[in-house]
Each structure stands twice: as structure tokens, then as C-alpha cells.
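**Q** The following block contains the structure, expressed as C-alpha cells.
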Amino acid sequence: MNKGSELRDLLLQRKKEGSKSLALLIDPEKMDQQTSFDELIQSSSDFAIDFFFVGGSLVNRDKLTACLQRIKRLAAGSVPIILFPGSAMQLSEEADGILFLSLISGRNPELLIGQHVLAAPSLAKSALEIIPTGYMLVNGGNATSVEYISQTIPIPHDKPDLAVATALAGKYLGLSVFYLDAGSGAELPVSSEMIHAVNRHTGYPLIVGGGINSLARAKQAWKAGADVLVIGNGAEKNPSLIAEVLHYAKCYNASLNVN
Ligand SMILES: CC(C)=CCC/C(C)=C/CC/C(C)=C/CC/C(C)=C/COP(=O)(O)OP(=O)(O)O
Ligand SMILES: O=P(O)(O)OC[C@@H](O)CO
Ligand SMILES: [Mg+2]
């Protein structure tokens with residue numbers, strides 16, 4: 001089946017232009033606990049957010065499907081929805097694409113290739129665009145769900161060289177999108193030095209997330225070379241953060257004067 005490559009092409013095009021993108025991370029397990037969930041989805045789509053990422057460390061398939069349907073109804077299909085799966089159980093035809101994550105910072109074979117083998121037959125039959133992604137977990141000062149669930153050791157916060165070596169190994173294996181994640185709710189986001197170094201050595205679209213809970217942190221990560229920022233906890237705690245960060249990104253992108 002020809003799945004197309006619109007999302008990956010969009011990421012490449014935006015990188016070439018130097019424009020900045022934002023993704024809201026939606027955790028299906030938390031949607032019923034958030035009183036302003038619907039407003040957050042609606043306002044994010046009204047302000048033309050670039051992507052919705054949907055997933056979590058602990059998500060069941062029924063919740064995932066219900067969540068995707070609710071997002072589609074609220075955003076009326078105007079924002080691409082990309083699965084950000086914690087396991088092969090988090091697949092759904094309701095999304096547009098999937099980050100086919102390999103946890104290359106870890107040494108857990110299940111998350112390097114195991115879950116991928118389980119998911120591949122269903123993905124082959126689906127229309128989801130598959131985005132092969134080198135996923136790197138970075139120490140953000142506190143223990144995070146991904147660290148615990150994956151049973152892997154994150155890359156030390158102050159070792160950009162280790163992140164570069166890991167990303168290069170992923171690049172030589174054929175991965176062409178990278179994700180540096182300090183983990184959901186990280187105290188310290190990924191450092192500017194690490195973002196800059198990984199970006200310089202791979203040259204591929206770079207997604208950065210974990211602990212981005214203020215405009216200042218978002219600006220810093222974009223300035224260092226991130227292409228797509230992911231915000232989850234920050235938006236759950238302060239729903240106006242997305243509008244504020246998006247406003248900055250739209251002004252910045254407009255100043256690039258790309259045609
Ligand atoms: C490719 C397929 C089918 C599966 C990939 C499986 C891999 C490699 C997963 C990596 C490890 C993992 C558990 C990732 C989860 C990433 C994620 C969606 C994190 C979102 O944050 P939470 O960990 O739910 O944070 P909270 O504790 O704040 O809810
Ligand atoms: O929830 P936050 O800290 O924004 O992290 C988002 C995401 O990168 C976690 O995988
Ligand atoms: Mg979660």
C-alpha cells in the first residue's frame with residue numbers, strides 16, 4: 001500500500017525554511033480529568049497548531065480510539081494527528097500518522113525492535129503514514145514515566161557528545177527524524193548545547209520535548225535548533241501557554257518571509 005509521505009515532507013520542508021512548529025501532546029488517559037480538555041483542543045486548532053501528538057506510557061486501545069474521535073470532532077480535521085505510542089497496543093486508524101519510535105538511547109530490545117515487529121503487520125494494512133523516528137530519552141533531573149516504563153537509562157543531561165553519537169548511529173541505520181525527550185514533566189528540558197549538537201550532526205527534522213512549560217523555555221529550544229516542540233504537562237497546567245507559544249512561533253515564521 002502506498003502510504004504517501006506528506007507528514008515527513010512537511011517536516012523536511014519546514015526545516016528547510018527554518019520555520020518552527022508546535023505539537024500539543026494529548027494523553028488519552030488524562031482527557032477525562034482535564035476540565036478544559038475540549039477548549040484546549042479547540043483553541044489549539046483555532047490558533048492553527050501544527051500537530052497533535054497522541055499517546056502515553058500507559059494507554060489502552062479503547063481510550064485511544066475515543067480520544068482520537070473526540071479530537072477529530074473538535075478540530076474538524078484541520079490539524080494532523082500523529083500517534084506517539086508507548087507500545088504496539090497504541091495503534092489506530094483514526095490518526096493520520098505514527099511516530100515509529102525506536103528508543104535508540106536505551107538497550108531494551110523490546111523498544112528497539114520488539115514492539116515494531118508486533119505492530120508491523122497491522123501497519124502494513126493501515127493508511128497511517130509511518131515516520132521512522134530515532135527516540136532519545138535524556139535525563140531531565142527527575143525520574144519520568146517513560147524512564148520507568150522503558151526500564152532504560154537516559155542519556156546524561158550534560159553529555160551532548162553521547163546524544164550526537166546515538167543520533168549518528170540512528171542516522172547511519174536509516175532513521176531520518178529524531179526526537180530528544182527529557183520525559184513528560186521533566187524538571188530540566190533538554191539543554192541548548194545538546195539540541196544544537198544533534199541538529200548540526202544529523203541535519204534532519206528534530207523534535208524536542210519534556211519540561212517545556214514556559215515561553216522562555218520554548219524560545220530557547222527553538223533558538224538552539226529544534227524544529228518541532230512538544231508540550232504536554234505545561235498545557236495541562238496552564239491552558240493559555242499554547243496560545244502564547246503559538247503566537248510567538250507564527251510571528252517568527254512570518255518574519256522569515258518564506259514563499
Ligand atoms: C513503534 C511502536 C509501535 C511502538 C514504539 C514503542 C517505543 C519505542 C516506546 C518508547 C518508550 C515509551 C514508553 C514511550 C512513551 C512516550 C510517551 C507517549 C510519553 C508521554 O508521556 P507519559 O509518559 O505518558 O507522561 P505522564 O507521566 O506525564 O503521563
Ligand atoms: O509533558 P511535557 O513535559 O511537556 O513533555 C512532553 C513530551 O515530550 C513527553 O514525552
Ligand atoms: Mg501519560
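**Q** Near SER19, within a Cβ-to-Cβ distance under 10 Å, what is the net charge of the other residues, with Lys and Arg +1 and Asp and Glu -1? It would help to have the intermediate numbers written out before the result.
**A** Values: positive: ARG14, LYS15, LYS16, LYS20, LYS250; negative: GLU17, ASP50, ASP227.
Net of charged neighbours comes to +2.
**Q** Accessible area per residue of the chain at 1.4 Å probe, in Å²?
**A** Numbers: 11770 Å² over 259 residues.
About 45 Å² of surface per residue is accessible.
**Q** Go through the stretch 5-90 and name the GluC sites (Glu not before Pro) that are in a DSSP coil and have 14 or fewer other Cβ atoms within 10 Å of their Cβ. Walk me through the numbers before you get to the answer.
**A** Details: sites: GLU6, GLU17, GLU29, GLU39; in loops: none.
Passing both the DSSP loop test and the Cβ count: no residue.
**Q** Packing-wise, with mean Cβ within 10 Å as the measure, how do 225-235, 105-115 rank, highest first? Could the numbers behind the result be given before it?
**A** Working: 225-235: 23.0, 105-115: 16.6.
Highest mean packing first, the order is 225-235, 105-115.
**Q** So, one more: Which shape class applies to the stretch 1-135: rounded if a/c is under 1.5, otherwise prolate when a/b exceeds b/c and oblate if not, where a ≥ b ≥ c are the square roots of the Cα gyration tensor eigenvalues?
**A** On the way: a/c = 1.60, a/b = 1.19, b/c = 1.34.
Oblate.
**Q** Work out the count of Lys pairs in the chain where the Cα-Cα distance is under 20 Å, with the pair 8 or more places apart or on different chains.
**A** Lysine pairs satisfying the spacing and distance rule in the chain number 21.
**Q** With the calculation restricted to Cα positions, what are the radius of gyration and Dmax of the chain in angstrom?
**A** 16.8, 45
**Q** Still on this structure, I have one more. Set Lys and Arg Cβ to +1 and Asp and Glu Cβ to -1, take the dipole of the stretch 152-259 about its Cα centre, and tell me which of PRO205, ASN238, MET194 lies farthest positive.
**A** Highest projection toward the positive end goes to PRO205.
**Q** Only bridges whose two residues both fall in the chain count here: according to DSSP, what percent of them are antiparallel, nearest 5? The partial results should precede the final answer.
**A** Values: 0 of 32 bridges.
Among the beta bridges of the chain, antiparallel pairing accounts for roughly 0 percent.
**Q** Can you give the Rg to Rh ratio for the stretch 144-212, taking only C-alpha atoms and Rh from Kirkwood? Please list the in-between numbers first.
**A** Values: Rg = 11.7 Å, Rh = 12.3 Å.
Value, to two decimals: 0.95.
**Q** In deg cm²/dmol, rounded to 500, what helix-only [θ] at 222 nm does the chain give when every DSSP H run of at least 4 residues adds -39500 (n - 2.57) and the total is split over its residues? It would help to have the intermediate numbers written out before the result.
**A** On the way: 10 runs with 110 residues, N = 259.
After summing the helix terms and dividing by the residues of the chain, the value is -13000 deg cm²/dmol.
**Q** May I ask for the net charge around ILE155, where only other residues with Cβ less than 14 Å from the Cβ of ILE155 are counted and Lys, Arg are +1 while Asp, Glu are -1?
**A** On the way: positive: ARG107, LYS159; negative: GLU147, ASP158, ASP161, ASP181, GLU193.
With Lys, Arg at +1 and Asp, Glu at -1, the net is -3.
**Q** With all protein chains present, how much of the accessible area of the stretch 43-179 (probe radius 1.4 Å) comes from carbon and sulfur, to the nearest whole percent? The partial results should precede the final answer.
**A** Working: 3710 of 6130 Å².
The nonpolar share, carbon plus sulfur, comes to 60 percent.
The values are calculated or read from the model by the stated rules, or taken from the named source; none is laboratory data. Model, not experiment: these values are computed from the prediction. Using ideal geometry, Cβ is built from the backbone for each residue, glycine included, and neighbour counts are taken over all protein chains shown. To get the accessible areas, we keep the full protein, side chains included, count just its heavy atoms, and leave off ligands, DNA and RNA. Shrake-Rupley method; radii C 1.70, N 1.55, O 1.52, S 1.80 Å.
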